[in-house]
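Written below as structure tokens is the structure these notes are about.
The values are calculated or read from the model by the stated rules, or taken from the named source; none is laboratory data. As the structure is a prediction and not an experimental result, all values here were calculated from the model. Cβ placement follows ideal geometry from the backbone for every residue including glycine, while neighbour counts extend to all protein chains displayed.
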């Protein structure tokens, strides 16, 4: 008998109930998101057939729920190409490709930067981040490209973390944002917290949440868009994306924080971005062992340059 399989029979019809809510009441240890994922992946059967989350349970129905066994939480090495800008015994600096997830998570268990690092460094990575995040000092979003530093030992990791938390690391991004940003130079000083209704999103809160501060300057005015340079003074999740949405100028290609404006931009210009147009252009810090100043500037990749060229005023 499969210990991860559970069967129950519906005692009375529930025409106003949904299957996912019904199962949440019977399996309180599982979140609704988990139940919905099990239904979506075909692990929930009603009368022996896959069902939809919106199905209304009926009296006498036999429901089978299969909880898949947990996957191995330890990431495995994978031979994935890396664009290494610098490497020594303590650290390496990478140009992360857009589309690459930094560390394994639900839905992205393989082909991450961590998998590539485990192969490239052959075990020589800091363990402070735990088995799932070896060497990871800071992160970039999946669709964000650019400079990222990785620690190869615990001493380097601690020293770099102190620089990040103490705000001694210079982090400068390039972004293409919707609309004509005014004024040409400014600072966004608005706290950021988890969105109250969408748990995977963040929101500018003006009063609660964690302090977040982004300086910016306009580099070039485009067709119904602007190329900006953003200086991160803090490092909150999705900070640049949330702050420019707060200004009314979401990052081009950002369906999470600016779908309406991005759609309007595409209608006006005929240009549709393949991803979020955000690039970590410059990263500067002190070497964790020698204290030597280190600075890396990475040109935006071809997809970013292509959108920029297409939006330039003719």
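Quick look at the values:
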read-out	value
Residue check for residue 169: touching a helix residue (DSSP H, G or I) at 6+ places or on another chain (Cβ under 6 Å), within 24 Å of residue 95 (Cβ to Cβ) and surrounded by fewer than 22 Cβ atoms within 10 Å (Cβ to Cβ)	yes
Check on residue 241, in a loop (DSSP other than H, G, I, E, B) and closer than 25 Å to residue 99 by Cβ	no
Criterion: out of contact with any helix residue (DSSP H, G or I) (no Cβ under 9 Å at 6 or more places or on another chain), at pLDDT 95 or above and surrounded by 21 or more Cβ atoms within 10 Å (Cβ to Cβ) - qualifying residue of 98, 147	147
Check on residue 19, out of contact with any helix residue (DSSP H, G or I) (no Cβ under 6 Å at 6 or more places or on another chain), over 30 Å from residue 130 (Cα atoms), buried (at least 18 other Cβ atoms within 10 Å of the Cβ) and outside the structural domain of residue 199 (by TED's automatic domain parsing)	yes
Residue within region 125-148 that is assigned by TED's automatic domain parsing to the domain that holds residue 89, free of Cβ contacts under 8 Å to residues at least 12 places away in the same chain and out of contact with any strand residue (DSSP E or B) (no Cβ under 6 Å at 6 or more places or on another chain) present	yes
Candidate set from region 60-82 (those that are touching a strand residue (DSSP E or B) at 6+ places or on another chain (Cβ under 9 Å) and modelled with pLDDT of 85 or more); member that is nearest to residue 12 (Cα to Cα)	60
Filter pass, residue 28 being assigned to a loop (DSSP other than H, G, I, E, B) and crowded, with 17+ Cβ neighbours inside 10 Å	no
Qualifying residue in region 62-81 (condition: touching a helix residue (DSSP H, G or I) at 6+ places or on another chain (Cβ under 7 Å), part of a loop (DSSP other than H, G, I, E, B) and loosely packed, with under 15 Cβ neighbours inside 10 Å)	yes
When residues of region 211-228 are limited to those that are farther than 24 Å from residue 266 by Cβ and in contact with a strand residue (DSSP E or B) (Cβ under 6 Å, 6 or more places away or on another chain), the one surrounded by the fewest Cβ atoms within 10 Å (Cβ to Cβ)	217
Which numbered condition residue 216 fails, given (1) assigned to a loop (DSSP other than H, G, I, E, B); (2) closer than 30 Å to residue 84 by Cα	(1)
Scan of region 195-210 for residues that are closer than 24 Å to residue 148 by Cα and either out of contact with any strand residue (DSSP E or B) (no Cβ under 7 Å at 6 or more places or on another chain) or surrounded by fewer than 18 Cβ atoms within 10 Å (Cβ to Cβ) (or both), ordered by number	200, 201, 210
